[in-house]
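The values are calculated or read from the model by the stated rules, or taken from the named source; none is laboratory data. These figures come from a predicted structure and were not determined experimentally. Heads up, the Cβs are rebuilt from the backbone with ideal geometry, glycines too, and the neighbour counts pull from every protein chain shown.
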Ligand code: NDP
């Protein structure tokens, strides 16, 4: 794996915490030149200093993926600093928790802006470089991007949209050597549930699930790395992803019932 990642230029969005931070740290350790982005520059600076202190190569750039011109600047920084882009990982993301009936539509707009448009904006300005390097574009989707997760309409819709967009980018670039992968982690311990939006658009500020029982961001980073090296199109993880993907093909109504059962049993579930 280290030989594959050595000197690859990897742009990771949403690298100031959770899965993105774990990917930045792990891939830099494997010899990649990592460019991290997120909105919280102080966090990026702290993580970059820790990565650099072990001699690994990293750069960072404050960037709100919702803003097209900032995504363009991010790719310019990557190219100026390291000479090109081999891998783009569209990981920056936001979740929600509210029934659609009760939800202000601004929540769904925001989810689409960050998760879908963030992916589109970054892909737009990284694609010419990835075509040149015959590299990879990776979207960090979710099991909620395979099947509708109740209480997460905007989240599931934005992840499905990401998949549709990236699938089409793959086909358009079939003869150009570009690898496109959608990765679908299950529940992973991170800030995502703390920052998730409620029905009125305010942050949830707490997690309704036991974070200790989830996958770690480091496990996700490792599985994504293997998927990139094997140039997979779909990267599933553990039973949540593999089981959902398989069951949905043959028993979609059963998956509806299973997803309902899992989510109705969350503390303070909006389904109750
Ligand atoms: P975190 O909340 O820990 O990380 C989210 C990252 O996205 C942060 O670095 C945040 O940085 C960044 N971000 C959010 N909004 C923006 C924005 N507008 N512009 C730039 N960066 C932004 O959550 P995770 O690590 O869990 O999430 C990473 C990805 O994994 C997401 O796409 C999420 O949907 C997906 N995922 C997570 C799962 C989980 O259970 N944790 C399960 C399945 C998928 P900052 O606030 O500094 O901008």
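Comparison of 135, 145, 118 shows that the only residue that is in contact (Cβ under 8 Å) with a residue 60 or more places away in the chain and near the ligand (Cβ under 9 Å from one of its atoms) is 118.
Any residue in the stretch 226-235 that is outside any helix (DSSP H, G or I), without any contact (Cβ under 8 Å) to a residue 24 or more places away in the chain and surrounded by fewer than 15 Cβ atoms within 10 Å (Cβ to Cβ)? The answer is yes; a qualifying residue exists. Close Cβ contacts (under 6 Å, 6 or more residues apart or on different chains) running from residues in the stretch 184-207 that are closer than 14 Å to residue 19 by Cα to residues that are near the ligand (Cβ under 7 Å from one of its atoms) and part of a loop (DSSP other than H, G, I, E, B) comprise 184/141; 184/142; 187/214; 188/214; 189/214; 191/17; 192/95.
Answer with yes or no whether residue 44 is under 14 Å from residue 15 (Cα atoms), crowded, with 16+ Cβ neighbours inside 10 Å and within 13 Å of the ligand (Cβ to nearest atom). For residue 44, the condition - under 14 Å from residue 15 (Cα atoms), crowded, with 16+ Cβ neighbours inside 10 Å and within 13 Å of the ligand (Cβ to nearest atom) - is met.
Residues that are within 19 Å of the chain's Cα centre (by Cα) and part of a helix (DSSP H, G or I) are absent from the stretch 185-208 altogether. With respect to (1) over 19 Å from the mean Cα position of the chain (by Cα); (2) surrounded by fewer than 21 Cβ atoms within 10 Å (Cβ to Cβ); (3) closer than 28 Å to residue 202 by Cβ, the lone exception for residue 84 is condition (3). When residue 24 is tested against (1) surrounded by 17 or more Cβ atoms within 10 Å (Cβ to Cβ); (2) part of a helix (DSSP H, G or I); (3) away from the ligand (no atom under 14 Å from the Cβ), just one condition goes unmet, and that condition is (3). Would you confirm whether any residue within the stretch 264-271 is within 23 Å of residue 87 (Cα to Cα), part of a loop (DSSP other than H, G, I, E, B) and modelled with pLDDT under 95? Checking the stretch 264-271: not a single residue is within 23 Å of residue 87 (Cα to Cα), part of a loop (DSSP other than H, G, I, E, B) and modelled with pLDDT under 95.
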